[in-house]
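Contents: one structure, followed by commentary.
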Amino acid sequence: MVDIAENGRTWLLSGPTSSYALHLSEAHELLHLHWGPRIALADAEALARSPLPAYRPFESPLDGREEYPVEGGPRFVRPALCVRTDERRGTEWRFVSYELGAGTEGGTDGAELRLRFDDDGLAITLHYRMRGDVVERRVTLENGGRGRVELLRADAATWTLPDRDGWQLSQLHGRWAAESLLTRAPLTHGEKVIGSRRGHTGHQHLPWVALDTDATEERGEVYGCALGWSGSWRIAVAQLPDARVQITGGAGHDDSGLLLLGPGESYTTPVFAGLWSDGGFGGASRTWHAYQRAHVIPDAERDRPVLFNSWEATFFDISEEQQAALARRAAGIGVELFVVDDGWFGARTSDRAGLGDWTPNPDRFPHGLKPLADQVRGLGMRFGIWVEPEMVNPDSDLYRAHPDWVQYQPGRRRTELRNQLVLNLAREDVQEYLWERLDTLLSGAPIDYVKWDFNRCFTDAGWPGEPYPQRLWVDHVRALYALLDRLRAAHPRVAFESCSGGGGRIDLGVLSRTDQVWTSDNTDPLDRLAIQHGFSQIHPARVMAAWVTDSPNTQLNGRASSLRFRFVSAMAGVLGVGGDLTEWTEEELAEAREWVALYKEIRPLVQRGELYRLRPPTGGLSAVQYVLGAETVVLACLRTQSYGEPVPRVRLRGLDPTASYECRETGEVHRGAVLLHHGLPTGLRGDLDAAVLRLCRI
Ligand code: DGJ
């Protein structure tokens, strides 16, 4: 809900447990008042009356207090907005008005608060919306003047955290095959900057940070911020001199120019969402998950099917008959969606050719994809394909016809990575080509699922002939979003997966138009525990694709693991199978069938339930628990058992303290809020063992 003071200068947004308050001073400064536990409007008004900080030599009276610090005037913190016109640089705004959009059911729940400012014809609107306990912020800039306005930098928001000693910064860092690894370290004075200079979200950092001073998994205050943008981005976390912290973030990796706004043109930043939780890191994650299921992920109430993906089974060496053989085996173990990965189109028999030519390879699929799709459908499964629309191999019909459709700098080398170039999606002709090709593809065969990949970074982001070429960084992402939106609207039955060489494009922006993401190319079930642990800090299991592949792991490390361990590790997300099923023995297939059946039973809990991370993957035993209504399930993975020590006890969370719960696996009945299950998980021993325990309230 949104409360507004009578004088129209203090605004209070509140969710179930938290509040966010801001105030406009007489001097048209927009000041941050509060972000934390829920307060009343009177409290916010009292905060607004607090005396200004005393004069301090060499310090700005505004720094650390403003909602959206602009460049110019007595400000020395990182500006969220840097603007240049033909005459000058910087912003000096005047408050114009505020308005409240429509909320749900006639109230102010979910209503958007818009604060409008003006700087000599440049309209600046700050948007705020409370969804649950998540505050969504973004900014719209509209050039209503006569001249051109260059947005050197336009962040989505600046978040201000209270004065406190000992801030700790948590982040998710990584690289290809090692994404989403969680670290937490003291924040020191100065700035910590994370981001991507690559044109996509990147494997190196998820656009998320969390700050706390003394939180644990289960208790303590946590602030979290996450950006919804799938191109280059930057989040800067600044420890200011007075123990306040400011977090500024938005699209683009530097301040050298984002867009040029001609008269009448506008730019809306991505959403930068933030939350405060006093439920520790676990509570913060559950708030993020609930928010994404309710407001970000399309059709989140619909559970995702168990899929088979052909990549690790057959790589580029595919044919209709061989895929059909895999499909028969996949259907036999209970798979619900069969996805043909790379290699079905153009001259794509390796990564050296064919990207861009989105028609079935005539040698491999002489009658197109429909015969295979029909067979898959006949086996009771849905059918999916892999595409990488934003790319082109120089060895392709598309590139031969349109060598100027790629990003390039005139007179410079066109850098090939994985033998491919990046199409300039900012061009309308490229957008139309991709729309036409993909629309035709989805109309020509019964395709239910598209895995949308992106396998290289921008390197030569030029656009010969375009007066302001650097706009392609932003416009590429806008075009990608528009294409996905258009395809979804035209083909509502088709689900989309975001992939970028594994987890290179995972963020709230892409998640608002895709149904799940490929978490990592690393399918080793042990490595995956840490990757999934990091991923779960912000994103729910409902979008976290995880495959069971062959053992020893062929792709990465040669590690051998049991089918049990591989399944339990992957069942913590959207289960998939990616091994070469034609090589699996009858016993393995029979066991796989049982695991898939078990997954289908617990799927509503995993995909829609509340997550409790019982034990992190750093120790010998790691365990996650999902709770939905009267049921709960624990997935426990034992990395190693040393010195014959018993497997540690695990205390379950999130249960009704007054109820009794019966364990399906052991038949034992447990009472009380604190459920100490002796010997959980039942019978775990040795290295790389795993177990599933289901409990139901009786
Ligand atoms: C990278 C993806 O992450 C893999 O799963 C696979 O689709 C390959 N690309 C195909 O080229």
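The values are calculated or read from the model by the stated rules, or taken from the named source; none is laboratory data. Values in this document were obtained by computation on a predicted structure and should not be read as measured data. When we count neighbours, we look across all protein chains shown, and the Cβ atoms used for this are built from the backbone with ideal geometry, even at glycine. These area figures cover heavy atoms from the full protein model, side chains too; ligands, DNA and RNA do not enter into them. Shrake-Rupley method; radii C 1.70, N 1.55, O 1.52, S 1.80 Å.
At a glance:
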read-out: Those residues of the range 448-462 which are among the β-branched types (Val, Ile, Thr) and either closer than 30 Å to Pro305 by Cβ or buried (at least 20 other Cβ atoms within 10 Å of the Cβ) (or both), in sequence order; value: Val450
read-out: Which listed residue, of Trp452, Trp473, is within 16 Å of the ligand (Cβ to nearest atom), among the aromatic types (Phe, Trp, Tyr) and either modelled with pLDDT of 95 or more or touching a Ser or Thr at 6+ places or on another chain (Cβ under 7 Å) (or both); value: Trp452
read-out: Selected residue (only one of Ala445, Ala426, Ala373 is more than 16 Å from the ligand (Cβ to nearest atom), modelled with pLDDT under 95 and open to solvent by less than 20 Å² (accessible area, probe 1.4 Å)); value: Ala445
read-out: Test for Ser256: is it within 16 Å of the ligand (Cβ to nearest atom), in a loop (DSSP other than H, G, I, E, B), in contact (Cβ under 8 Å) with a residue 40 or more places away in the chain and over 22 Å from Ala570 (Cβ atoms); value: no
read-out: Close pairs from the range 317-338: first of a type in the set (S, T, N, Q), partner buried (at least 21 other Cβ atoms within 10 Å of the Cβ) and in a helix (DSSP H, G or I), Cβ under 6 Å, at least 6 apart; value: Gln323/Leu372
read-out: Conditions (1) open to solvent by 30 Å² or more (accessible area, probe 1.4 Å); (2) touching a residue at least 40 places away in the same chain (Cβ under 8 Å); (3) within 24 Å of Leu483 (Cα to Cα): number failed by Ala401; value: (2)
read-out: Among (1) within 16 Å of the ligand (Cβ to nearest atom); (2) crowded, with 17+ Cβ neighbours inside 10 Å, the one test that Asp351 misses; value: (2)
read-out: Matching helices (runs of 4 or more DSSP H) fully within the range 500-571 where at least 1 residues are away from the ligand (no atom under 16 Å from the Cβ) and more than 20 Å from Leu598 (Cα to Cα); value: 508-511, 525-535
read-out: Which listed residue, of Val624, Val633, is open to solvent by less than 10 Å² (accessible area, probe 1.4 Å), outside any helix (DSSP H, G or I) and touching a residue at least 40 places away in the same chain (Cβ under 8 Å); value: Val633
read-out: Failed criterion for Arg456 (all others in (1) within 30 Å of Gly578 (Cβ to Cβ); (2) under 21 Å from the mean Cα position of the chain (by Cα); (3) charged (D, E, K, R); (4) part of a helix (DSSP H, G or I) hold); value: (4)
read-out: His23 vs. criteria in contact with a helix residue (DSSP H, G or I) (Cβ under 8 Å, 6 or more places away or on another chain), farther than 26 Å from Tyr267 by Cα and of a type outside the set (S, T, N, Q); value: no
read-out: Strands (runs of 3 or more DSSP E) lying entirely in the range 42-145 (those with 3 or more residues that are surrounded by 16 or more Cβ atoms within 10 Å (Cβ to Cβ)); value: 81-85, 112-119, 122-131, 134-143
read-out: Subset of the range 233-247 [in contact with a Gly (Cβ under 6 Å, 6 or more places away or on another chain) and open to solvent by less than 10 Å² (accessible area, probe 1.4 Å)]; value: Trp233, Ile235
read-out: Pairs, first part of a loop (DSSP other than H, G, I, E, B) in the range 187-202, second of a type in the set (A, V, I, L, M), C-beta under 6 Å, six or more apart; value: Leu187/Leu169
read-out: Unmet criterion (only one of (1) more than 16 Å from the ligand (Cβ to nearest atom); (2) open to solvent by 50 Å² or more (accessible area, probe 1.4 Å)) for Val306; value: (2)
